[in-house]
Amino acid sequence: MDKGRLHSIETFGAVDGPGIRTVFFLQGCPARCSYCHNPDTWNTGGGREVDIDEIVSRAKRGKPYYGEDGGVTFSGGEPLLQGKFLREALIALKAEGIGSAIDTSGTYFDEDSEAAIAEADLLLLDIKHTDAAVFKELTGRGQEPLFKLIEVINRLEKPIWVRQVIVPGLNDTKAYIEDLNGFLSNMKTVKKVELLGYHNMAENKYEKLGLDYRLKGLEPMDQKRLQQLYTLLTR
Ligand code: SF4
């Protein structure tokens, strides 16, 4: 049985998918987003080893609270970086009657990704930026994995929640939301779109890790402005 690398577990999560959820943050990420809250998940050799039995037994503890909508979310880091392990975990959870979601950044896709996605009930997709050049600048990655993911999600007709971080001076404009609307029109199974305001609470983590925080001094996103941008979404 495959083993994975785990960064941390959150119980009673209420923001990473519907209902009450146990969230497994898998270790490792190929991206280096300027606003990343979890730079301690980047190193693929970090975290600790975990097996499927542990995932299932931890997930089962939350079962009384999941109700109809809740379940497990695999987040990260980038969970698709461990596609084989992820697929096995999703299958094992399904056998226990536990629903699951994959929270992906669209910065990684390989031959195991589609098989993992096929086993999930829901995808949460963080759209980093619609523009290829800005996406690269923001994440250090190209948009190819994102387009492959969208093709697979459309083909498998997987329900999807889209999330977009709104960063002052980067994408907090009407023009950007219009671009986003156009981008999302190519995705057939979007059930929800969330705009998440940038905040700078991770700055200290970077200092502790000896990493450079590229957005130093940037103010958090104004909540009123965020609400205005919400009204421009067409889905
Ligand atoms: S994809 Fe997520 S975990 Fe990876 S660097 Fe970006 S924000 Fe951080």
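List of remarks:
- The set of residues in segment 1-18 that are surrounded by fewer than 16 Cβ atoms within 10 Å (Cβ to Cβ), out of contact with any strand residue (DSSP E or B) (no Cβ under 7 Å at 6 or more places or on another chain) and over 14 Å from ARG87 (Cα atoms) comprises PHE12, ALA14, VAL15.
- Hits in segment 1-41 (condition: more than 11 Å from the ligand (Cβ to nearest atom) and outside any strand (DSSP E or B)): MET1, ASP2, ALA14, VAL15, ASP16, GLY17, PRO18, GLY19, ILE20
- Residues being at positive phi and small (Gly, Ala, Ser) - total across segment 141-176: 1
- Residues satisfying the stated conditions in segment 41-88, i.e. under 26 Å from VAL152 (Cβ atoms) and of a type in the set (D, E, K, R): ASP69, GLU78, LYS84, ARG87, GLU88
- Residue in segment 207-217 that is farther than 20 Å from CYS29 by Cβ and assigned to a loop (DSSP other than H, G, I, E, B) present: yes
- Qualifying residue in segment 42-62 (condition: within 8 Å of the ligand (Cβ to nearest atom), touching a residue at least 24 places away in the same chain (Cβ under 8 Å) and either part of a loop (DSSP other than H, G, I, E, B) or surrounded by fewer than 18 Cβ atoms within 10 Å (Cβ to Cβ) (or both)): yes
- Restricted to segment 107-129, and to residues there that are part of a loop (DSSP other than H, G, I, E, B) and within 16 Å of the ligand (Cβ to nearest atom), the residue that is surrounded by the fewest Cβ atoms within 10 Å (Cβ to Cβ) is ASP110.
- The set of residues in segment 86-106 that are over 16 Å from LYS63 (Cα atoms) and within 16 Å of the ligand (Cβ to nearest atom) comprises LEU86, ILE102, ASP103, THR104, SER105, GLY106.
Each reported figure results from applying straightforward, stated rules to the coordinates on display, with no laboratory input. Note that this is a predicted model, so its numbers are computed, not measured. We place every Cβ from the backbone using ideal geometry, glycine too, and count neighbours over all the protein chains shown.
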